[in-house]
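Quick notes on the structure that follows.
The values are calculated or read from the model by the stated rules, or taken from the named source; none is laboratory data. Values in this document were obtained by computation on a predicted structure and should not be read as measured data. Quick reminder, even Gly has a Cβ in these numbers, built from the backbone with ideal geometry, and neighbours come from all protein chains shown. We work out accessible area using only protein heavy atoms, side chains counted, and drop any ligands, DNA or RNA first. Shrake-Rupley method; radii C 1.70, N 1.55, O 1.52, S 1.80 Å.
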Amino acid sequence: EVGLNIRRQHSHEGAEVLSRPAVVTVMGHVDHGKTSLLDALRQTSVAAKEAGGITQHLGAFVVGMPSGASITFLDTPGHAAFSAMRARGAAVTDIVVLVVAADDGVMPQTLEAISHAKAANVPIVVAINKCDKPAANPERVKIQLASEGLQLEEMGGDIQVVEVSAVKKTGLDSLEEALLLQADMMDLKARVDGPAQAYVVEARLDKGRGPLATAIVKAGTLVCGQHVVVGREWGRIRAIRDMLGKLTEAAKPAMPVEIEGLKGLPMAGDDIIVVDSEERARMLSEGRRRKAEKDRLRKINEGRTEVEEESEDMPKRVEMPIIVKADVQGTVQAVTDALKTLNSPQVFVNVVHVGVGPISQSDVDLAQACGACIVGFNIKSPPSTVIQVATRANIKIVLHRVIYHLLEDIGNLIVDKAPGTFETRVAGEAEVLNIFELKGRSKSKGDDVKIAGCRVIDGRFTKSSTMRLLRSGEVVFEGSCASLKREKQDVETVGKGNECGLVICDCDDFQVGDVIQCLEQVIRKPKFISSESGAVRIEC
C-alpha cells in the first residue's frame, strides 16, 4: 500500500547446503542447431515435433551425463520475437551455452544472446555447431566472437570453445566436460531443506488438469500439498511431475518440474513463494492483483496522453484491434510483443485481449464487439460452430504454427488497413514544339490565348491534372489545365507519342523547347519489411 518492495532474506544458517546440478541455457541464432544439439545429448528428437522445425517454447529437461553427473538444460527459441523468453532463460541459469553455426557465423540473435548473458552476469561456453558441413569455418567464427568482446581461451581469455556436430554426434564429450568443468569452478550449492524458492519458466492451460506451470527450483524443496503464491495467482500444489511426466513427492534444487493446482495462469518469469496458510496466500494474491490493475490503468492513461500529444499535426491513425490466443503463457507474451513492433504512424496495433488455450465463443463475441481480428498461435483449430459464428460476423481468424508466417500475415493485413499518404507523382512529360496564338477574340470569349503545341514523350496527360512548366530544369509556372485538344477534338487523356494542344490557366509564357509535366495525386501505402534476422517492421 505504501509502495515499498519487500524481499524475504533467506539465511543459510543451520540449513543443509549441498552441491546441486548446473542449470544450463542453450542460446543462439535461429536455425543454428540448438535443439538438435540437445537432442544429440539426450538421444531424443524434439526438433522434428516443433512446427516448421524452429523452437517456439522454452523446453526444460535434465540430461544424465555418461560420467554420472546430471545437468538441467533450458532450450530457448532463436527467432527475434522471442527475446523476452531468452531473457527469462538467462535470468534463471548458471551457464549459457552459445551455439553458433560454423557455416553461418555470428548473427543478430547471437549478439542478443551474448548481451542477455552479460546482463545476467552468467559465464558463457561457446559451442560451434555444424562442423561436419563442407562450408564450415570455425576459425572465422572464433575471430568474429573475439571481435564482439568475448575473451576466448585460445586467445588468453576464460571462455571455453568446443567444436561439435549435432548430426554426426561428434565433440559432445568435450562439451559435457567443458560444462562440468565450468560448474565445478562455480561450486554451485543450494540449501535443500526449508521453504522452496522457485521460478516459473513457462505456463500453459491443460484441458483435464487446469493451469500448469513449468518451474525450476532455486533453493529449498518444493513439496506436494504446500500453499504457494505465484505472481498474482495462488493455489495448493496438487501434483508435481518431472519432465518425463512421472509424479514425484518433492522437487529439489535445479530440478525442472510441472506444478498443478494453481487457481489461474501465472506469467512466465514469476517467482514462486511458499506460504504457510491458505488465508495468507489469498491475501498476498489479492494485494498483487490490485497493484497490477493499478499499474495497467496508469500505463493505458500514459499511452493515451502520448498519442493525443503526437496526433495534433499527424494524419489520423487507424486502430487495428487484435485478440491473441496461444498454447502457453510465454508464447502469448512473445507474440504480443512481436505484434506491437508492427505499430506504425498510420496503424496502431491494439492487443485488446490475450489468453492461453483454444479460441472460444467468448473470444468471438469480444472480437465482434470491438471489430478485432483473432490470432491463434500453435493451437488447435476452433470448433466448427465457432468458425460459423465468426464467418457470419465477418471476423477474421488467423491460425499459424510458425512465427514468421504469422507476422507476415498480420503485416499484410495492416498494410491493407493503412489509410496511406497522399503524394504528388509525375504522370507524364511533354515537349513544347510550337506556340500558337489566338488573337482578336470577342469580349465574351476573353483575352488572347497562347496554345502550346506539344508531343507527349513519356507517360500520359490528363485534363483534370495539374500542369508544371519547366525551363532548363527549373519550375517556371504551375497551374491547372484549361483545355486539352488533339486534332481539334477536346479529349480527356493523351498517350505517349501523340501530339496535342494545351492551354494552362493564366499562363502565356511558353517557349519552344520547354517541358511540361502532368502531375497527379496518388495514395502511397506503407510497406511490410522483414529482415534476415527475423525482425519485422512497417515502413510508411
How far apart, in nm, are the 7 Å Cα→Cβ label points at ASP508 and SER19? 10.3
Cα-based Rg of the chain per 2.2 N^0.38 Å, rounded to two decimals? 1.37
What FRET efficiency, computed as 1/(1 + (r/R0)^6) with R0 = 45 Å and r the Cβ-Cβ distance, is obtained for ASP448 and ILE523, rounded to the nearest 0.05? 0.70
Pairs of lysines 8 or more apart, or on different chains, with alpha carbons under 17 Å: count those in region 318-419, would you? 6
What percent do you get for the relative contact order of the chain when only Cα pairs under 8 Å and 6+ apart count? 10
Limiting things to C-alpha atoms, what are the Rg and the maximum Cα-Cα separation (Dmax) for region 92-228, in angstroms? 18.7, 56
Candidate lysines for bridging to LYS488, where Cα separation is under 19 Å - those fewer than 8 sequence places away on the same chain excluded: LYS439, LYS445, LYS450, LYS463, LYS496
Take the solvent-accessible surface of the protein heavy atoms, probe 1.4 Å, and return the percent of it on the chain that carbon and sulfur atoms account for. 49
List the residues of region 134-155 whose backbone N lies under 17 Å from a point placed 7 Å from the Cα of GLU177 along the Cα-to-Cβ direction. 153-154
Förster radius 41 Å - calculated FRET efficiency between SER483 and VAL318 (Cβ-Cβ, nearest 0.05): 0.55
Would you mind working out the accessible area per residue for region 118-251, using a 1.4 Å probe, and quoting it in Å²? 48
Could you rank the peptides 275-285, 129-139 by their average count of other C-beta atoms within 10 Å per residue, with the highest value first? 129-139, 275-285
Taking square-rooted eigenvalues a ≥ b ≥ c of the alpha carbon gyration tensor, is region 192-284 rounded, prolate or oblate, where a/c under 1.5 means rounded and, failing that, a/b exceeding b/c means prolate? rounded
Just round it to a whole percent: the fraction of Cα-Cα distances in region 369-488 exceeding 20 Å. 66
Phi angles of region 126-135, converted by Karplus (6.51 cos²θ - 1.76 cosθ + 1.60, θ = phi - 60°) into ³J(HN,Hα) in whole Hz with x for Gly and Pro, give 8, 10, 8, 8, 6, 6, 7, 6, x, 8
Chain lengthening between ASN5 and VAL476 when straightened (0.36 nm per residue, less Cα-Cα): 162.6 nm
Quick one: if the Förster radius is 51 Å, what FRET efficiency do SER381 and LYS246 give, using the C-beta to C-beta distance and rounding to 0.05? 0.95
Counting C-alpha atoms alone, how compact is region 133-214: give Rg to one decimal and Dmax as a whole number, in angstrom. 19.7, 55
Residue-averaged 222 nm ellipticity for the chain, from DSSP H runs of 4+ at -39500 (n - 2.57), nearest 500: -8000 deg cm²/dmol
Sequence-distant lysines (8 or more away, or on other chains) whose Cα lies within less than 21 Å of LYS168: LYS34, LYS49, LYS130, LYS133
So which trypsin sites (Lys or Arg not before Pro) in region 319-380 pass both tests, a DSSP loop state and at most 14 other Cβ atoms within 10 Å of the Cβ? LYS380
